Amino acid sequence: MKKSKPNSGILDCRHYFPATLFFFIIVNFVHAQNDGNPPVPTPTIQPTPAEAIFDPKQIEEEIKTKRAVLVKELDALKQSPAINAATPTPDILENLNKQIALLQQIELTFNQQISAIQQTESLENQRKQANEELQKFKDSVPPDQASYLELDRIRDDLNTEIGRKDLIDAQIQSAQTVYEQAQKSFEEKETTRRQAKDQFDKNTDETLKPSLESLLQTALLESRAASENLHLREMELRNVRLSRTIYQTHLEWLSLRAAAYERVVVFTQSELQERLQRMDKDEFDLQSALKKATEDKKLADNKLLVVIGKVAQSSDPDRALIEEKNAREREVTALQTKVDVITLRLERMKKRVVTWQRRYAVINREVDINQIKLFEKEANDLLANFGREENLLQLRIADRQNDLINLQNNIDHSREAPPQVIRWLNEQKKQLQETINALQENITNIELNRRHQNKLLNEIKLQTTRLTVWDRLQEIMDSIGSIWNKEIYVYKEGEIERAYYVKTIFYAFFFFVAGMLLSGFLSRIIGKLLLHRLKVQEGASTTIESIVYYILLISFFLYTLRILQVPLTVFTIFGGAFAIAVGFGSQNILSNFISGLILLVERPVRVGDLVEIEGMLGRVSRMAARCTHIRTFTNVDIVVPNSSFLENKFTNWTLKDNIIRSDIKVGVGYDAPSEKVEQLLLSFAEEQPQILKFPSPVCFFMEFGDNALNFELRYWVNLAHANKLLIDSQIRHTILKRFREEGITIAYPQRDVHMDTLKPLDIRILSHEHPHEQ
């Protein structure tokens with residue numbers, strides 16, 4: 001076996017003070033007492049790592065030898081002349097007593113070392129045995145078939161060992177801490193010893209020599225005691241490390257066995273029946289115990305009734321009778337608790353039978369994924385219930401323990417009470433303890449059943465990891481199906497009861513959304529058909545398209561209500577309240593909606609019309625139920641509520657047709673020939689191809705203005721095929737160009753100023769160099 005490298009910071013158990021050192025101390029001590037010479041200081045022996053094979057028996061013999069020498073040393077010290085002197089020096093006597101106590105402490109430490117080394121020997125044997133078992137299993141041929149019950153037992157042992165890990169780690173940490181403290185203490189004692197030795201060596205006063213010598217001997221023994229205590233803590237640390245090594249070896253052995261058995265395990269029907277038969281026997285025993293506990297409780301009830309009768313008959317019952325009554329009540333409570341616990345155990349026994357059957361079915365794959373999921377859910381529910389029950393039991397136990405403490409205090413204060421009082425107080429204590437035991441037994445049973453449920457969950461987890469792709473797909477589909485069929489709401493009214501599921505809401509939502517999309521699609525097809533095939537006007541086709549859309553949308557909405565099985569009578573019941581709520585909260589929306597319907601019917605505005613409302617001019621691009629969209633000539637979309645067209649004045653330039661008149665006003669100077677101007681203006685209009693020939697353009701001499709002769713050219717354009725603003729701009733360009741060629745001046749405002757003065761005006765021209773000169 002490979003030996004681990006020893007830790008240089010830990011003392012080896014076999015290195016101790018040799019026996020010759022102890023004899024040397026005795027000789028020096030006796031020599032100092034006889035002739036007054038100072039003893040030779042004992043050299044400090046630091047423990048070193050092991051250089052040879054560890055032999056517990058040899059170390060044990062060495063310790064026993066040192067203990068025997070120590071006993072002689074202790075006897076010699078007790079017979080010291082300084083102890084038996086008539087008038088010993090106080091400080092010397094104090095140090096001698098300390099030395100005796102230190103030797104006795106060292107003797108006790110030797111005894112503890114012997115016990116520790118014996119434990120080390122036992123642990124070494126266990127370690128060898130564990131290594132042999134592990135190696136034997138590794139060298140053995142893997143089994144072809146394994147019993148499931150055996151595997152279950154191995155798993156239990158494995159879980160138990162895993163649960164011990166924290167305890168073992170804590171023990172090692174504690175032993176390491178104690179060892180380090182002992183090492184620190186040994187170093188401190190060594191420092192004290194060196195100081196005492198230095199003080200003794202430097203002393204030249206013969207009167208202080210005995211006192212310093214005694215102090216040095218005390219420091220030597222303190223260092224020696226600390227050294228032996230350090231060896232003891234080293235042994236203890238070695239033992240807990242050996243325990244951890246044994247634990248790890250045993251854990252590896254169990255893990256390998258469990259892994260080997262899991263590959264070839266077979267859970268047969270006979271094994272299941274064997275387990276069920278054991279549980280039947282356990283159930284029979286519990287039934288018998290329940291019957292006996294019930295009979296005992298009846299007897300206890302009768303005894304309690306007798307005592308209650310005595311108390312009722314006595315006008316002044318004594319304390320013994322009162323305590324007897326209390327004891328009988330606690331006895332009844334204890335027995336009732338026992339009956340309840342046995343009843344609960346029987347119920348859990350039945351669940352444990354079902355658990356074993358389910359484990360058999362899961363392991364042998366006799367159930368599908370849906371049943372496995374059901375098993376998993378019910379197991380988790382049981383675990384949650386076990387947790388709640390355990391918490392309540394812990395609270396009950398804590399309450400009973402408080403009662404037990406109070407009762408013990410009562411017993412302590414009643415030592416002088418009559419024997420009968422003491423008897424019944426002790427009986428109460430006994431019954432309280434019986435109640436606590438019953439509750440703790442219930443907790444133990446809960447833990448047992450919890451382990452069985454956890455085993456089932458582990459088997460389920462193991463089997464689910466082995467699922468095929470098809471099983472995984474089926475699991476996903478089943479999960480979706482469980483959500484799909486989940487009940488959301490139940491409607492009840494009289495004898496009518498309807499359940500709404502996720503799928504119902506999804507179907508209704510999907511159908512309504514699809515209906516909205518389909519309504520828009522069909523209405524647009526109908527609008528295009530009317531516009532292109534039947535040559536219906538664009539405004540009329542848009543109106544029909546909107547009406548068809550709302551009819552289809554309402555139809556889909558009503559069918560959605562039918563899918564949800566919502567009766568139309570609901571609207572009659574809630575119609576009034578709904579109308580009031582809508583009337584107050586949504587009057588603007590309804591107003592715009594109704595206005596939109598009126599616009600669709602009367603058609604004062606249509607899609608494509610050129611309208612002007614509230615100073616905004618643009619074409620109608622879309623008419624919806626609530627609002628109308630107008631696109632201005634700056635390509636800005638303006639949303640106008642439908643009610644604005646009914647409540648306010650607006651201009652529809654293309655209500656009847658797309659032909660509108662455009663007017664251009666021109667002012668010329670008074671020196672211009674008026675008839676020629678009129679002919680020129682008409683020719684400009686006639687030359688523009690986008691201006692309609694019928695009605696023909698006309699030009700009027702409108703008035704004699706203050707500064708000009710005012711003319712007005714009027715012509716008509718079809719807005720469906722021409723841009724009015726562009727035509728107006730082109731006409732103005734032509735007027736300006738041709739008038740300049742003809743020498744006709746376009747007039748601009750002029751004003752003549754006449755000034756009456758009594759003398760000629762004084763006019764001066766000032767230069768830039770003298771801007772302030774008057």
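The values are calculated or read from the model by the stated rules, or taken from the named source; none is laboratory data. Treat the numbers as computed from the prediction; the structure is a model and nothing was measured. So basically every Cβ, Gly included, is an ideal-geometry build from the backbone, and we count neighbours across all protein chains shown. Surface areas here come from the heavy atoms of the whole protein model, side chains and all, with no ligands, DNA or RNA. Shrake-Rupley method; radii C 1.70, N 1.55, O 1.52, S 1.80 Å.
Worth pointing out:
- The simple Förster model, with R0 at 60 Å and r as the Cβ-Cβ distance, assigns residue 714 and residue 762 a FRET efficiency of 0.65.
- Which of 239, 312, 255, positive extreme of dipole for region 211-316 (C-beta unit charges): 312
- For peptides 699-707, 547-555, sequence by mean Cβ density within 10 Å, most packed first: 547-555, 699-707
- R0 of 41 Å, Cβ-Cβ distance residue 704-residue 648: FRET efficiency to nearest 0.05: 0.55
- The GluC sites (Glu not before Pro) of region 203-284 that meet both conditions, a loop assignment by DSSP and at most 12 other Cβ atoms within 10 Å of the site Cβ, are 206.
- Within the accessible surface of region 179-314, defined with a 1.4 Å probe on protein heavy atoms only, the carbon and sulfur portion equals 51 percent.
- Calculated from backbone phi, Karplus (6.51, -1.76, 1.60) coupling profile of region 175-192 in Hz, x at Gly/Pro: 5, 5, 5, 5, 4, 5, 5, 5, 5, 5, 5, 4, 5, 5, 5, 5, 4, 4
- Distance distribution P(r), region 262-343, all Cα-Cα pairs, bin width 10 angstrom from 0: 16, 28, 19, 14, 10, 7, 4, 1 percent.
- Phi angles across region 422-431 convert, under the Karplus curve 6.51 cos²θ - 1.76 cosθ + 1.60 with θ = phi - 60°, into 3J(HN,Hα) values of 4, 4, 6, 5, 5, 5, 4, 4, 4, 5 Hz, Gly and Pro given as x.
- Region 172-310: C-alpha gyration tensor shape, a/c 1.5 cut-off, then a/b vs b/c: oblate
- Rg [Å, one decimal], Dmax [Å, integer] - region 598-717, C-alpha atoms: 19.3, 60
- Measuring with a 1.4 angstrom probe and ignoring ligands and nucleic acids, residue 374 comes out at about 80 Å² accessible.
- Accessible surface computed residue by residue for region 221-317, with neighbouring protein chains in place and a 1.4 Å probe, gives 53 Å² per residue.
- Fully extending the segment from residue 259 to residue 661 would add 134.7 nm, taking 0.36 nm per residue of separation and subtracting the current Cα-Cα distance.
- Residues whose placed amide H lies under 5 Å from that of residue 501, excluding near-sequence neighbours: 488
- Per-peptide average of other Cβ atoms within 10 Å, ordering 688-697, 185-194 highest first: 185-194, 688-697
- Database remark: amide H of residue 268 closer than 5 angstrom to the amide H of 148 (H placed geometrically; neighbours at sequence offset of 5 or more, or on other chains; Pro and chain starts carry no H).
- Paired Rg and Dmax values of region 181-251, which use every Cα atom, in angstrom: 19.1, 67
- The separation of region 383-457 from region 95-173, counted between C-alpha centres, amounts to 33 Å.
- Using only side-chain charges placed at the Cβ, +1 for Lys and Arg and -1 for Asp and Glu, the dipole size of region 341-432 relative to its Cα centre rounds to 340 debye.
- Region 660-764 - accessible surface per residue (Å², probe 1.4 Å): 71
- Taking only protein heavy atoms and a 1.4 Å probe, the accessible area of region 616-658 is 53% carbon and sulfur.
- Order of exposure, largest accessible area first, which applies to 66, 528, 455 with probe 1.4 Å: 528, 455, 66
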